[in-house]
1. Considering every residue within the stretch C:571-585, establish whether at least one is open to solvent by 80 Å² or more (accessible area, probe 1.4 Å), at pLDDT 85 or above, farther than 21 Å from C:ASP314 by Cβ and charged (D, E, K, R).
2. Considering only the stretch C:230-244, I want to know if a residue exists there that is touching a Ser or Thr at 6+ places or on another chain (Cβ under 7 Å), within 11 Å of chain A (Cβ to nearest Cβ) and not in a helix (DSSP H, G or I).
3. Is it fair to say C:GLY536 is open to solvent by less than 70 Å² (accessible area, probe 1.4 Å), modelled with pLDDT under 80 and over 22 Å from the mean Cα position of the chain (by Cα)?
4. Which of (1) of a type in the set (A, V, I, L, M); (2) farther than 21 Å from C:THR143 by Cβ; (3) surrounded by fewer than 24 Cβ atoms within 10 Å (Cβ to Cβ) does C:ILE229 not meet, given it meets every other one?
5. If we keep just the residues of the stretch A:202-213 that are at pLDDT below 70 and within 12 Å of another protein chain (Cβ to nearest Cβ), which is nearest to C:ARG86 (Cα to Cα)?
6. Just the residues that are among the acidic types (Asp, Glu) and within 16 Å of C:THR101 (Cβ to Cβ), please, taken from the stretch C:46-71.
7. Is the stretch B:50-64 home to any residue that is part of a helix (DSSP H, G or I) and modelled with pLDDT of 80 or more?
8. When the residues of the stretch C:597-621 are filtered to those that are within 29 Å of the chain's Cα centre (by Cα) and not hydrophobic (A, V, I, L, M, F, W, C), which remaining residue is nearest to C:ARG469 (Cα to Cα)?
Amino acid sequence: MRRAVSALLALLIFAYLFGVLLKAPIPGDYRDERYNYYSPLSGREANESVPDHYVERGEEETGSQNIVTSIVVLYRGFDTLGEVTVLFTAATGVAFLLSTQRSKGEKEKKKEPNFMASTGVGLVLPFILLVGAYIFVHGHLTPGGGFPGGAVIATGFVLMLVAYPRFQLREKKVSVVEAFSGLAFAVIGLISLIMGLTFLENYLPKGVAGTLLSAGIIPLIYIAIGFKVGSELSAIVSHMKGGEE
Amino acid sequence: MEITPFLILSAGLISIGLYGIMSKKNLLKLLISLDIMDVGVNLLIVTVGYLPGGTAPIMDGDYGKYVDPLPQALVLTAIVIGVSVLALGMILTIRHYRRTGSLEMDEGGVFGW
Amino acid sequence: MITWEQFQISLAPLVVLIPLLTAFILALMKKWPRVAHSIATAVSIVVEAMVILLFYTVREKGTLLYVFGQKGATDAIPANSIVPIRIMFEVDAMSAFMALTAATVTMAASIYSLSFIKKHTGVEKYSSVLMLMLAGMLGLVLTGDIFNLFVFFEILSIASCALVAFRTERWESGEAAFKYMVVSTIGGLFLLLAVGIYYIQYGVLNIAAIATYISITGATRLNLIALAILIGVFAMKAGGVPMHFWTPDAYAAAPAPITIMLKTASLTYLYALFRTTFTLYSISVDVRTVGWIIIIIGLLSMLIGVTMAIPQHDVKRLMAYHAISQTGYMMIGVGVGMATLGTAAINTYGLKAMEGGIFHIINNAMYKGLLFLTAGALFYATGTRDLNKMGGLARRMPVTTICFMIGALAIAGIPPFNGYASKLLIYESVYEFNPYLAIIAMLVSILTLASFVKVFHSAFLGPDLPEYRKVKEVPTSMKVGMGVLSGIIIAFGLVPHLVVKYIVEPAALALVNQGGYISTVLGTAPPQAHWAVSGGVTEGAFFGTLLTNSGAWNSLLWIIVMFVLFLVAKFIYSLGNPTYNKGTEQIKPFLSGWKESSKSASHVRASNLYWGFLNSLSGYYRPLRRGHTGIVNDYVGWFVLVVSLILILLTTLGIKGGVI
């Protein structure tokens, strides 16, 4: 009964959404005149829309070649801070929700590590960590940035947890890394506040776009985010496995 | 490249996810349906930013037309939020499993009335 | 380095950043949990002071704007562009009002938790996530960007969910947290869908910019879908019927100070509902339809909330249903205000109804907070939440009893407390809109009083039960936490005219003033957005009088009159015959000739108290009971049904110049 009603509802919603989206006025160009209602109202020059501004002026205003990175860190940096906070909340929640329950009666299957798995992981792990670090250090030059980089590093640790059943993450060190990198992000923003600018404003030199040392505070923030995400995801998975005995 | 197949796909994923959440009693299946719906909404947002003939918005050479970068930034945030929600849900499922030994939810019980 | 001017301007992001930073630091302090919680309490007091300063600044200087990452923090649009490209915080009087409510309740909850959570492990993580809830609430009300709203929505949902499950030794907290998480996530995903809908059409994410575009393109089908989604999501998170099923589960399973934070979070979602309907859509859709949708949701919440509360015997579940019913009052007040927007009626009773609704928001946060804290105190002392097991606690816990009485009288709307003032405003203004609404509101008030009489009798009154001989009064920090809230209730009750004039009226005017909100960001606004409203609640000649349309209320005068009457009654009493001897036949209860077996056996338990009432209404309760299944799939199903219904209503009746 419940299945039939919900299937019917879902089908109706699909049909309706489909019909609406097909006829939706999705612009084929962000220089479309639909985006430019401001000209008559505020009487200013320059016929452009928000994405247009990012694409045209992004590189010279921020110094980074990757426009998505400059949006994520500088133009909409506060959202990124919120997202880092969400991840932190989930990790803290995981930490105290599982800490009081040990697997009573659940026998820890301590078998020997599988030969193929352990050899394979042992060979591949350094490369995984290297690729992860590369991704988040070069966030302003290539696609990627802190979040995918951190996820790759966490994948490395998860592989270790899977291949070696006796491997355990040191919970204390991981949480220290996590908290400090989160603090680093917030403090970088606060420094700009104390300096008299607004929060998370670029105050380091922009350098030459296209080189590693460019784009002001973006590489620093992405390094902090990379460490934070990597340590948090690994901590979450390690807690789920059973944590420190 | 047409975007219509992607629009259909995202509408379909949203509906399938909704169906799963509204009718499945197994906790893991509920979480997976939540994830499917999340993917559907993110796909819709990214699809909207596509410009025919555009390339990725990285300025290491002048390519003429670039894809809209803003939806990609939004979806970056939304995916991470989805991961956090999933992590918390898994923890609660693990606790439920350790307490009752099954992955089905209790019907009613203390709750309801 | 920083001038006072700059500090005032940066207050808005600072009140969000300080709890955030504190949360990051606190999670590290595993070895010193008590110190961690004391730091959290100190920070909440500092944030309260900053929020009061922020409110004062907004009153003085008008709507504040803070743009992140740009020189000239108050310049929304950079010099070389014409669109707002960065995130901004836009603080008008309504946002500052909600921030005030949130900060005050967090302060009380934090002080209360000092002894409440003492015996638990993981206290430093509790305080860290508490700070995150505060940051999430403040961010939600202060932001002016819709994707930022989504991010703070998710911060608040996940933090609340983690804290609901805090009591890991009880199984029900995990179940309640799972249901809460599924419901919140669906809400968040639908909200993201609405953000996507706005982006598809307009390419901007700033609320003021979206409002301008909507006013130009009007109510297209996509816009109506977005409106239905937003009303549905925010009403569900605020606890509006019929999407309220998660509320009793989550509120009952969380520890008491977290319950009051959850309640205040529900109030911030209600603020988001009002912000969406007033600021984004008020000139593009038919306001009567939208107003009536909100009024109907409010009406259902009031009725179903209070009738479901009467048969409960778990004290926190009972109070959670009352929270749902009180949310209905706020929705009715502001819904009437919305429905009369643009007509002449806004000046006669519409604005007064809105002020009543908004005043009720802060009053509700205070007295509902106090009631949940007293329920927590009962749990702390007796170890149970079941009213059928409690009795006679007034002799052992006098402070808790007085605080409970203050809270119960306030929620029932008894003078001279603040509940009466806001309910009076709502009754008198809503009556002129539609008399039936006011009559139902008064009926709900009576039933509210009835259920709190039930709680008072079964928990506090009655004979001295043997199992509670060793119960002591609650520790000092819990008393201080409850005392702060009682003090504010009494203060607001004594001088409601000052509160309305200085705090509520600016908020109500700011909410209606769509043009002002938009022009702060863009410089100009569509001309129809400037609604000309006047006619708020006025002050009478005598000090402390509130003048509504049909009457006046002066609480100081009421207190003086009651005191005089009390003296008269005492005088008449003293003329009587004072022969009342303890220990004689005079005080033995008469049980139709039977002997009284024991004191505890004669205590009427909670479930037996309104047996007649419940029995005669069993026809009404049976389908209600079947509707509340406790299965989370049904919770989501109701939500989808309501959003679809709202969408159908909007597309048929909601277009401007429509049928109604």
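1. no
2. no
3. On the way: open to solvent by less than 70 Å² (accessible area, probe 1.4 Å): yes; modelled with pLDDT under 80: yes; over 22 Å from the mean Cα position of the chain (by Cα): yes.
Against the criterion (open to solvent by less than 70 Å² (accessible area, probe 1.4 Å), modelled with pLDDT under 80 and over 22 Å from the mean Cα position of the chain (by Cα)), C:GLY536 qualifies.
4. Looking at each condition in turn, C:ILE229 falls short on (2).
5. Here the answer is A:ALA209.
6. First, the residues of the stretch C:46-71 that are among the acidic types (Asp, Glu): C:48, C:60.
Correct list: C:GLU48 only.
7. If we filter the stretch B:50-64 for residues that are part of a helix (DSSP H, G or I), which is where we start, we get none.
No, the stretch B:50-64 contains no residue that is part of a helix (DSSP H, G or I) and modelled with pLDDT of 80 or more.
8. Here the answer is C:SER607.
The values are calculated or read from the model by the stated rules, or taken from the named source; none is laboratory data. The structure displayed is predicted, hence computed values, not measured ones. Positions of Cβ are backbone-derived with ideal geometry, glycine not excepted, and every protein chain shown enters the neighbour counts. Areas reflect the complete protein model, heavy atoms only, side chains present, ligands, DNA and RNA absent. Shrake-Rupley method; radii C 1.70, N 1.55, O 1.52, S 1.80 Å.
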